[in-house]
Structures are given as C-alpha cells and as structure tokens.
Amino acid sequence: RTDTVIAPSLLAADFARLDEAMAAVAGEADWLHVDVMDNHFVPNLTLGPPVVKSLKAATSLPLDCHLMIEDPDRWAVGYAELGAYNVTFHAEAAADPVAIAKDLRAAGSKAGLAIDRDTPVEEFLDILPAFDTLLIMTIKAGFGGQSFIPELLDKVRTARQSARSGHLELRIEVDGGIADDTIAAAAEAGADAFVAGTAIYGAQDPAEAIRRLRALADS
Ligand code: DX5
Ligand code: ZN
C-alpha cells in the first residue's frame, strides 16, 4: 500500500464560493477532486476547462479531474494540458483507453481509468499497466449524496489482487458514499485514495472531517 490520499469533491461545495471551499481543506487534503460532467455521459452538468484552468491558478493542491463525459478520446488530454495532476476518464465512454492514457502521460499528468457501477472490472485488468489510477465507483456516477454500495468493493479486491500479482504501482480510488462508516471497508478492500464530497463539505469542519476519514482509512 502507498500513502492514503483523501480527495475532497468540490461537487458538494458551494459553486459560488470555490475559493472558500479550497481554503477550507488546504492544509489537510491530498488532492482536490473535480467532477466534470457533460449532461450526456451522465444526466448532470457541472464544469469544464475554463473552471479547471481557474482552479489550477488558485490552488497548489493537485487537481484530480474525474471526467464523466462522452468522447474522452477527444477531450481528456486538454485537462492534462491545463495542469491537472491526475485525469481519470470512464472506460465505458472511451474508444481507445490505452491511447488516451499515453496522451495523458505525454502531456504530463497521471492517467486514470474509471469503472462505473454496472461495469465489471475484469475486462480491464490487462490494460492496468497503462494507468496510474483506477477509480472504482461505489455508486452510480452522476450525483453526490448517494448511498455507498458495499458489493462494489469486490471490484476493488479483484483489482488490488491483480495489481499486486503484476507488481503494478496502481492507486485504487473509490468514489461515492465514502464517509466515516464506509471508508475503513474500502481501505480494507485495497483502496488507497478516497473521494468524499458530502462527508467533507457537509461537515461543520471540513478539515476535521478529513482528519477523521484519514484516521479511519489507516486504522
Ligand atoms: C459523483 C461524483 C462524486 C461525488 C461523490 O458522480 O463522481 O465525486 O462528488 O459525492 P459523495 O461523496 O457525496 O458521495
Ligand atoms: Zn467523482
């Protein structure tokens, strides 16, 4: 296992006060999770390159861009060029995931592959060496505030086992319903990066919520 990463999701913050949302987690977060939705891949619409560009200029936190968009073959590399630390796109939307990963790495970012709720992980195990991050959704992608689906941790176990036996340095990130009562199970299954929206921005004290989540993940 590598060091635990906690990534607050701005989706749960006030979009009129993103600077305050970043300041609230600055000392505690490892990455800042930015959910890009295009109203086609998922039935929700958030933000795109202009906002990512402004976030990049406004924070020193690494940007973890989660692209819930169609045609990542065309659009993903643009986020790497804007300076995202990690760019994760959905396997279900990609025509050539390995080619996208190569483009992302060539543009200077880490490459991430996301697997939505209804997609089995098995068919992607053989392309994991092309990726730095595997994001296993623990809900159906599209909205914050949904309930964690514990059965989906089987995919984390399968991927972690495969990464171990292949000696891959792979981050396995979980996203959806991660909170005080679910994070330990996800860590136990083999996840080492944890996205949390509601559990962090819905808390009275977001920094304290991160400290608590980290302690539970490491327990
Ligand atoms: C939903 C997004 C998540 C979302 C998680 O599709 O990918 O990052 O913000 O929200 P919570 O932590 O509230 O489940
Ligand atoms: Zn996300």
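Against the test of being under 20 Å from Ala141 (Cβ atoms), of a type outside the set (Lys, Arg) and in contact with a His (Cβ under 8 Å, 6 or more places away or on another chain), the options His40, His33 yield a single qualifying residue, His33. Restricting attention to segment 46-86, the residues being within 16 Å of ligand 2 (Cβ to nearest atom) and touching a Gly at 6+ places or on another chain (Cβ under 6 Å) number 1.
The set of residues in segment 116-146 that are over 13 Å from the mean Cα position of the chain (by Cα), acidic (Asp, Glu) and more than 14 Å from ligand 1 (Cβ to nearest atom) comprises Glu122, Glu123, Asp126.
Cβ-Cβ distances below 9 Å connect no pair with a first residue in segment 150-173 that is free of Cβ contacts under 8 Å to residues at least 12 places away in the same chain, a second residue that is in a helix (DSSP H, G or I) and of a type in the set (Val, Ile, Thr), and a separation of six or more residues or different chains.
Within segment 128-159, being within 12 Å of ligand 2 (Cβ to nearest atom) and basic (Lys, Arg) holds for one residue alone: Lys140. From the list Asp180, Asp175, the lone residue that is within 16 Å of ligand 2 (Cβ to nearest atom), of a type in the set (Asp, Glu), at pLDDT 95 or above and closer than 19 Å to Val195 by Cβ is Asp175.
Under the condition of being within 16 Å of ligand 1 (Cβ to nearest atom) and either surrounded by fewer than 21 Cβ atoms within 10 Å (Cβ to Cβ) or more than 19 Å from the chain's Cα centre (by Cα) (or both), the residues counted in segment 188-203 number 4. Could you say whether any residue in segment 5-26 is away from ligand 2 (no atom under 14 Å from the Cβ) and either under 23 Å from Leu128 (Cβ atoms) or within 14 Å of the chain's Cα centre (by Cα) (or both)? Looking for residues that are away from ligand 2 (no atom under 14 Å from the Cβ) and either under 23 Å from Leu128 (Cβ atoms) or within 14 Å of the chain's Cα centre (by Cα) (or both), one finds none in segment 5-26, hence no. Within segment 183-209, the residues that satisfy the criterion of being assigned to a helix (DSSP H, G or I) and within 16 Å of ligand 2 (Cβ to nearest atom) are Ile183, Ala186, Thr198, Ala199, Ile200, Tyr201.
The values are calculated or read from the model by the stated rules, or taken from the named source; none is laboratory data. Treat the numbers as computed from the prediction; the structure is a model and nothing was measured. Cβ sites come from the backbone with ideal geometry, for glycine too, and all protein chains shown count toward neighbours.
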